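Worksheet for the structure shown next.
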Amino acid sequence: EVQLVESGGGLVQPGKSLRLSCAASGFNFDDYAMHWVRQAPGKGLEWVSGINWDSSDIAYADSVMGRFTISRDNAKQSLFLQMNNLRPEDTAFYYCAKDISVFGVLASIEFWGQGSLVTVSS
Amino acid sequence: IVMSQTPLSLSVTPGQPASISCKSSQTLLRSDGKSYLNWYLQRPGQPPQLLIHEASKRFSGVPDRFSGSGSGTDFTLKISRVEAEDVGVYYCMQSIQLFTFGGGTKVEIK
């Protein structure tokens with residue numbers, strides 16, 4: 001059974017940093033690209049970032065480019081999102097998500113974790 | 001790419017059909033003949049779950065009352081007979097140029 005468990009969310013002041021983690025299990029982690037998608041409370045979905053199987057292809061939404069960094073550790077079956085210079089508008093549930101492609105490329109989003117809430121407020 | 005969904009909300013009697021439209025600002029049709037459009041359902045308090053990918057392919061375990069159609073820039077999700085468990089917000093998402101979601105359509109039961 002595929003499982004994605006996010007951690008690291010919480011309350012942080014504007015301008016500060018936070019690192020999200022996602023522990024994956026139930027599938028061959030290093031065969032798949034992974035994503036972060038966020039959802040402000042009561043709002044719609046926004047793709048944040050994606051990383052292919054070997055970290056050679058990484059993409060970001062314009063809204064987080066230069067502030068957020070996605071990474072992965074295949075040996076530990078883990079995905080990360082380093083978030084710097086956080087803004088109030090970054091407040092959201094952050095979902096870790098598994099790509100649908102078995103070729104490890106950024107293709108489409110198949111399975112989502114339960115999410116971790118990040119609140120940016122003074 | 002901008003994704004637009006209509007209607008914003010839908011109230012449906014159980015057993016009746018429902019239809020949601022999604023339009024993209026650019027074609028989602030690639031040279032391989034596939035349209036890169038997914039549909040997701042987010043039930044209250046839950047993460048989204050994949051229903052349809054590549055415009056019309058039902059994902060594993062999805063009931064056959066859900067169907068997707070369309071190509072290019074115009075797409076439709078149809079539920080042939082709505083059930084109580086279909087309540088939630090439906091999102092379309094394009095994956096031909098990174099990833100963009102529609103604003104969502106809230107489905108409730110009458």
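The values are calculated or read from the model by the stated rules, or taken from the named source; none is laboratory data. As the structure is a computational prediction, the values presented were derived from the model and not from experiment. Glycine gets a Cβ as well: all are built from the backbone with ideal geometry, and neighbour counts include every protein chain shown. All accessible areas refer to the heavy atoms of the entire protein, side chains included, with ligands and DNA or RNA removed. Shrake-Rupley method; radii C 1.70, N 1.55, O 1.52, S 1.80 Å.
Modelled this way, with points 7 Å down the Cα-to-C-beta line, the labels at A:Ser122 and B:Gln97 are 3.8 nm from one another. Taking B:Lys34, A:Lys98 and ordering them by how much accessible surface each has at a 1.4 Å probe, largest first, produces B:Lys34, A:Lys98. Only Lys, Arg, Asp and Glu carry charge here, each on its Cβ (+1 for the first two, -1 for the last two); on that basis the protein assembly as shown has a dipole of about 480 debye about its Cα centre. Rg ratio for chain A: its Cα radius of gyration over 2.2 N^0.38 Å, N being its residue count, equals 0.98. For B:Thr73, B:Thr27, the ranking by accessible surface with the largest value first comes to B:Thr27, B:Thr73, using a 1.4 Å probe. Percent of C-alpha pairs per 10 Å bin in the protein assembly as shown, short distances first: 8, 33, 35, 20, 4, 0. When both the stretch A:44-85 and the stretch B:20-71 are represented by their alpha-carbon centers, they are found 24 Å apart.
Phi angles across the stretch A:9-25 convert, under the Karplus curve 6.51 cos²θ - 1.76 cosθ + 1.60 with θ = phi - 60°, into 3J(HN,Hα) values of x, x, 8, 9, 7, x, x, 8, 10, 8, 10, 8, 10, 9, 9, 10, 7 Hz, Gly and Pro given as x.
Sort A:Trp53, A:Trp47 by heavy-atom solvent-accessible area, probe 1.4 angstrom, most to least.
I get A:Trp53, A:Trp47, largest accessible area first.
DSSP finds beta bridges in the stretch B:6-110, and of those with both partners inside it, around 90 percent are antiparallel. DSSP bridge analysis restricted to chain A gives an antiparallel fraction near 95%, rounded to the nearest 5. In the complete set of protein chains, residue-level accessible area for B:Arg58 is approximately 110 Å², probe 1.4 angstrom.
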